[in-house]
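Asks: Quick one: the structure is below, and I'll ask about it shortly.
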Amino acid sequence: QVQLVESGGGLVQAGGSLRLSCAASVDPFSRYTIGWFRQAPGKDREFVAVITWGRSGTFYADHVKGRFIISRDNDKREVYLQMNNLKPDDAAVYYCAAERTIFGTTFRSGYDHWGQGTQVTVSL
């Protein structure tokens, strides 16, 4: 059974940083593309970043480009989202998602497996 567990969320002041982790029980982990999405209250779940397997290609949503960094450690079966210069608009529940594909996708429908999410709150 595929299980994804996010951690690392919390409360941070605007301008601060957080690092989210996604621990995945998928096997082989190295063959899964992992995406991060977020959902703020009253809004749709939106794409944040994705990292593919193989050469670990990355792609970011425009609103986080230059501030967030996605990376993976295949030995630990974890994916990370380093979030810097956080803004109040970044506050949301952050979800990781996994799909066994070589392609990176920004669409929610492209992922079959989802975690339960971790809350990120950004104060002024």
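Just so you know, all these numbers are worked out from the coordinates, no wet-lab data involved. These figures come from a predicted structure and were not determined experimentally. A quick note on method: Cβ atoms are made from the backbone with ideal geometry, for glycine too, and the neighbour counts reach across all protein chains shown.
Asks: With springs connecting C-alpha atoms under 10 Å apart, model the chain as a Gaussian network and identify which of S109, S56, S21 has the largest mean-square fluctuation.
Replies: Highest fluctuation of the listed residues: S109.
Asks: Would you list, by chain and number, the aspartates and glutamates whose Cα falls below 19 Å from the Cα of K43, excluding same-chain residues fewer than 8 positions away?
Replies: Correct list for K43: D62, D89, D90.
Asks: Give the aspartates and glutamates reachable from K76 as a straight Cα distance under 13 Å; neighbours fewer than 8 places away on the same chain don't count.
Replies: Of all the aspartates and glutamates, those that pass the test against K76 - Cα under 13 Å, at least 8 places apart if same chain - are D27.
Asks: What fraction, in whole percent, of alpha-carbon pairs in the chain exceed 19 Å separation?
Replies: Numbers: 3056 of 7626 pairs.
I get 40 percent for the Cα pairs in the chain exceeding 19 Å.
Asks: Toward the positive end of the charge dipole of the chain, about the Cα centre and with charges on Cβ (Lys, Arg +1; Asp, Glu -1), which of Q119, Q39, F103 goes farthest?
Replies: Result: F103.
Asks: Over the chain, what is the mean sequence separation of C-alpha contacts under 8 Å (at least six apart), divided by residue count, expressed as relative contact order in percent? Don't jump to the answer; show the numbers that get you there.
Replies: Values: 316 pairs, mean separation 45.4, N = 124.
Contact order relative to length: 37 percent.
Asks: Further question on the same structure: Anyone know which of L81, L20, L11 comes out most mobile in the 10 Å Cα GNM of the chain?
Replies: With Cα springs under 10 Å in the chain, the top fluctuation among L81, L20, L11 is at L11.
Asks: Right, next: What do you get for trypsin sites (Lys or Arg not before Pro) in the range 1-56 restricted to DSSP loop and a cutoff of at most 10 other Cβ within 10 Å of the site's Cβ? All intermediate terms of the calculation are to be shown ahead of the outcome.
Replies: Working: sites: R19, R31, R38, K43, R45, R55; in loops: K43, R45, R55.
Answer in residue order: K43, R55.
Asks: State to the nearest 20 debye the size of the charge dipole of the chain about its Cα centre, where the only charges are +1 on K and R beta carbons and -1 on D and E beta carbons. Kindly include the intermediate steps, with their values, before the conclusion.
Replies: On the way: 14 positive and 12 negative charges, 33 e Å.
Value, rounded to 20: 160 debye.
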